[in-house]
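See structure below.
The values are calculated or read from the model by the stated rules, or taken from the named source; none is laboratory data. Quick caveat: nothing in here was measured; it's all calculated off a predicted structure. Don't worry about glycine lacking a Cβ; one is built from the backbone with ideal geometry, like all the others, and counts go over all protein chains shown.
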């Protein structure tokens, strides 16, 4: 492990704490850092305390867990498909979630109902893609990718249909959910539980992930059970994505960009990559969500728009850097 990695991880942890502090203090009503700390300790102004504890803290917590899950799912998908452009949504999980969520939004549902429908749609899409990709032949990343792309296209057509026939009263909510919105998030305990248990379960298999990232033949030669590992990676990445979409809607670029950013500093060893990606992904999404509700306050932007504005130039810079001579 490189000597600088502990320092890098500590800096990411400090950055995450700072991002949470900014999220709790910033908004249409600014709260001083001292008042934020007092609210967290149960003292200070009651109005500021309610604003911090009941409005901003749950939202920031959900944003951090969602960003971390998307970053981890991105790491896993890039290993599974051996494709640096893979992201958590490449196999149609978000499409199934979107169809489920939009259906209940059309019916006037909010909060936990939207999240539950999104989670159910994501899991249904996961099972559909997996069963079709397996078929009667060998299960392979290329077959999985092609199946996922086709299913995602089908979900996209259904989403367009729902937007076309949806009532005008629900259209704004539907569009916001599609572009990312934490207004529907009803709590993040489940997301944090999946995040912590998932990360703890993945770290012991970091060596297997490292070998698989270099190709199936090499992994098999070194004793890695490739087929069960591929299936486990797909299911875990899909679960991470489903939980993330359930809490925040379809938020792009976090799962694509964050793993590449971390690799620049921490390298490709998943023992280092996974914890750092979780911290950076959570931090990035907390900052993006804070910007989405403060830039044109009291109006709010979809958080997916903010992550796109951040992610597009970042990814182009990373791409240009990778092409530059050493």
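Is it fair to say residue 115 is under 17 Å from the mean Cα position of the chain (by Cα) and under 30 Å from residue 273 (Cα atoms)? Reasoning before the result, please.
On the way: under 17 Å from the mean Cα position of the chain (by Cα): yes; under 30 Å from residue 273 (Cα atoms): yes.
Considered against the rule, which asks whether it is under 17 Å from the mean Cα position of the chain (by Cα) and under 30 Å from residue 273 (Cα atoms), residue 115 comes out as yes.
Residue 301 - would you say it is part of a helix (DSSP H, G or I), more than 14 Å from the chain's Cα centre (by Cα), farther than 17 Å from residue 244 by Cβ and without any contact (Cβ under 8 Å) to a residue 24 or more places away in the chain?
On the way: part of a helix (DSSP H, G or I): no; more than 14 Å from the chain's Cα centre (by Cα): yes; farther than 17 Å from residue 244 by Cβ: yes; without any contact (Cβ under 8 Å) to a residue 24 or more places away in the chain: yes.
Criteria not met by residue 301.
With the structure loaded, tell me whether residue 262 is under 18 Å from the mean Cα position of the chain (by Cα) and within 21 Å of residue 148 (Cβ to Cβ) or whether it fails that test. Please lay out each step first, then the result.
Details: under 18 Å from the mean Cα position of the chain (by Cα): yes; within 21 Å of residue 148 (Cβ to Cβ): no.
No, not satisfied.
Could you check the range 1-11 and list, in sequence order, the residues that are free of Cβ contacts under 8 Å to residues at least 40 places away in the same chain and in a helix (DSSP H, G or I)?
Within the range 1-11, 6, 7, 10, 11 meet the criteria.
Tally up the residues in the range 187-211 that are more than 17 Å from residue 277 (Cβ to Cβ), touching a residue at least 24 places away in the same chain (Cβ under 8 Å) and crowded, with 17+ Cβ neighbours inside 10 Å, please.
Residues that pass the stated criteria total 1.
Failed condition for residue 96, given (1) free of Cβ contacts under 8 Å to residues at least 60 places away in the same chain; (2) buried (at least 19 other Cβ atoms within 10 Å of the Cβ); (3) more than 18 Å from the chain's Cα centre (by Cα); (4) closer than 22 Å to residue 307 by Cα, with all others met?
(3)
Do you know which of the residues in the range 52-80 that are more than 21 Å from residue 203 (Cβ to Cβ) and in contact (Cβ under 8 Å) with a residue 60 or more places away in the chain is surrounded by the fewest Cβ atoms within 10 Å (Cβ to Cβ)? Step through it out loud before you land on a result.
If we filter the range 52-80 for residues that are more than 21 Å from residue 203 (Cβ to Cβ), which is where we start, we get 52-63.
Among the residues that remain, those that are also in contact (Cβ under 8 Å) with a residue 60 or more places away in the chain are: 58-63.
Values: 58: 16, 59: 22, 60: 25, 61: 22, 62: 27, 63: 32.
It comes out as 58.
Residue check: is residue 258 in a helix (DSSP H, G or I), touching a helix residue (DSSP H, G or I) at 6+ places or on another chain (Cβ under 8 Å) and surrounded by fewer than 24 Cβ atoms within 10 Å (Cβ to Cβ)?
Details: in a helix (DSSP H, G or I): yes; touching a helix residue (DSSP H, G or I) at 6+ places or on another chain (Cβ under 8 Å): yes; surrounded by fewer than 24 Cβ atoms within 10 Å (Cβ to Cβ): no.
For residue 258, the condition - in a helix (DSSP H, G or I), touching a helix residue (DSSP H, G or I) at 6+ places or on another chain (Cβ under 8 Å) and surrounded by fewer than 24 Cβ atoms within 10 Å (Cβ to Cβ) - is not met.
Just checking, which of 2, 6 is at pLDDT below 95, closer than 20 Å to residue 260 by Cβ and surrounded by fewer than 22 Cβ atoms within 10 Å (Cβ to Cβ)?
Working: 6 fails: closer than 20 Å to residue 260 by Cβ.
Exactly one residue qualifies, and that residue is 2.
Which one of 55, 68, 97, 73 is within 16 Å of residue 286 (Cα to Cα), assigned to a helix (DSSP H, G or I) and in contact with a helix residue (DSSP H, G or I) (Cβ under 7 Å, 6 or more places away or on another chain)? Give the derivation first.
Details: 55 fails: in contact with a helix residue (DSSP H, G or I) (Cβ under 7 Å, 6 or more places away or on another chain); 97 fails: within 16 Å of residue 286 (Cα to Cα); 73 fails: within 16 Å of residue 286 (Cα to Cα).
Just a single option satisfies the conditions, and that option is 68.
Residues being surrounded by 13 or more Cβ atoms within 10 Å (Cβ to Cβ), within 23 Å of the chain's Cα centre (by Cα) and free of Cβ contacts under 8 Å to residues at least 40 places away in the same chain: count how many of those fall in the range 12-49.
Total satisfying the criteria: 3.
Please go through (1) modelled with pLDDT of 80 or more; (2) touching a helix residue (DSSP H, G or I) at 6+ places or on another chain (Cβ under 7 Å) for residue 141 and return the number of the only condition it doesn't satisfy.
For residue 141, the exception is condition (1).
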